[in-house]
């Protein structure tokens, strides 16, 4: 298993999170990429509710996970870490310039044109569910999501993956679509639902998810 | 002036937009980058409210702007276009690996950890302002913004720019902060406000903004 205590590649994750977001935290994206290329990594677990010391904020300024360190670069932001790993392995990011830029474009689209809207549904349903206005705000948020899902489904067409071969773009888009797992929204987008299932069926995804969920059963470091 | 009808680099923008979002549309980011490196570009203006033909959606699947074509790559997503331009010119993205990855990390942080929250304020204030729940939803949205602004201000510290020299990370972060221009929010973050002013004072930014605003006075193509 790539998760290994002596690995030189370090990733931060949470020791535990509230039930609705288990399997959703973004270290999953990095675990998945590392599993795809069979690279060993070590996980540093943080308590989700404990304020971070300045030493951590100098690594991850928002105090969140994942942060990443391979002895050469200390990075944060799942998208940046995936780009960094992608440059090192064509199984994550094609080398041919046109294929590469299509994958990078879709990675950015998932992060900046799709996730903000899908994330808003997660925000309303999980973190603001008790607010009196959350229910009223949801139809507008849903409409914005539907426009992005329709466009993404149309762009995917008959293809297996967003940009030619499987890439970091799919890792992001599929983990973004998973934010809707507590809703029936994706049922209206059968090709996208099949695409998500295709990603979740990859052995690397299954190992990554299992390792993230296992860590939630472990004591914090 | 880099905007030039015979240029081989093409960018899409809107022929006009409602007043509150003039000077905010994301083609500004690409114009700014192209102005920083004195590269000529040609603008194709689209009517913001007209449905896009499939030919445009095959270029920009969400039907939005900017889309970009330099004869070698056809791209969309402002973040991806900036990365692409950055790889071609060290004035936009340093070549040294550590400096480069810090800039890429901050570019992604601006797009995925800051813009979604600041964008939600813009959404509530501009596009959902008439909804009965929008006013009630704003304090929660503001609290999320404040956490990101505090973290970004602390990370900036005494530096002029987010990641060493001026880079595409600053182009994104400053255009993201500008989404709050209709609010007094940034007054509580004087170092961030000064950083934004520093970016907006660059001749390349001023030319880019003037060209975007001028295009709103032109007839649509």
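Of note:
- Of all residues making up the range A:150-187, the number that are without any contact (Cβ under 8 Å) to a residue 40 or more places away in the chain and at positive phi: 1
- Taken over the range A:60-74, the criterion of being in a loop (DSSP other than H, G, I, E, B) and in contact with a strand residue (DSSP E or B) (Cβ under 6 Å, 6 or more places away or on another chain) is satisfied by A:60, A:65, A:66.
- Of the residues making up the range A:75-85, none is in a loop (DSSP other than H, G, I, E, B) and surrounded by fewer than 17 Cβ atoms within 10 Å (Cβ to Cβ).
- Search result, residues across the range B:1-16 that are part of a strand (DSSP E or B) and either more than 20 Å from residue B:205 (Cα to Cα) or in contact with a helix residue (DSSP H, G or I) (Cβ under 9 Å, 6 or more places away or on another chain) (or both): B:3, B:11, B:12, B:13, B:14, B:15, B:16
- In the range B:145-176, residue surrounded by the fewest Cβ atoms within 10 Å (Cβ to Cβ) [restricted to those that are facing chain A (nearest Cβ under 9 Å) and over 26 Å from residue B:27 (Cα atoms)]: B:147
- The requirement of being touching a strand residue (DSSP E or B) at 6+ places or on another chain (Cβ under 9 Å) and free of Cβ contacts under 8 Å to residues at least 24 places away in the same chain is fulfilled somewhere in the range B:32-52, by at least one residue.
- Restricted to the range A:17-59, and to residues there that are out of contact with any helix residue (DSSP H, G or I) (no Cβ under 8 Å at 6 or more places or on another chain) and assigned to a strand (DSSP E or B), the residue that is farthest from residue A:84 (Cα to Cα) is A:47.
- Members of the range B:64-75 that are in contact with a helix residue (DSSP H, G or I) (Cβ under 6 Å, 6 or more places away or on another chain) and within 9 Å of chain A (Cβ to nearest Cβ): B:73, B:75
- Test: residue in the range A:90-106 that is within 30 Å of residue A:6 (Cβ to Cβ), surrounded by fewer than 19 Cβ atoms within 10 Å (Cβ to Cβ) and more than 7 Å from chain B (Cβ to nearest Cβ): yes
- Residue list for the range B:126-145, filter: within 28 Å of residue A:60 (Cβ to Cβ) and under 20 Å from the mean Cα position of the chain (by Cα): B:145
- Extreme residue, nearest to residue B:22 (Cα to Cα), among residues of the range B:125-140 that are within 9 Å of another protein chain (Cβ to nearest Cβ) and in contact with a helix residue (DSSP H, G or I) (Cβ under 6 Å, 6 or more places away or on another chain): B:128
- In the range B:133-209, counting only helices (runs of 4 or more DSSP H) that sit wholly within it, none holds 3 or more residues that are in contact with a strand residue (DSSP E or B) (Cβ under 6 Å, 6 or more places away or on another chain) and closer than 23 Å to residue B:78 by Cβ.
- Members of the range B:196-215 found to be under 23 Å from residue A:112 (Cβ atoms) and without any contact (Cβ under 8 Å) to a residue 40 or more places away in the chain, listed by number: B:196, B:199, B:200
- The range A:177-189, residues that are more than 23 Å from residue A:35 (Cα to Cα) and surrounded by 24 or more Cβ atoms within 10 Å (Cβ to Cβ): none
- Any hit, the range A:107-120, residues being within 12 Å of another protein chain (Cβ to nearest Cβ), over 25 Å from residue A:181 (Cβ atoms) and either assigned to a loop (DSSP other than H, G, I, E, B) or free of Cβ contacts under 8 Å to residues at least 12 places away in the same chain (or both): no
Taken together, the values in this text are just the output of simple stated rules run on the coordinates, not laboratory data. On a predicted model such as this, the values are computed, not experimentally measured, just so you know. Note that each Cβ is placed from the backbone with ideal geometry, even for glycine, and that neighbours are counted across all protein chains shown.
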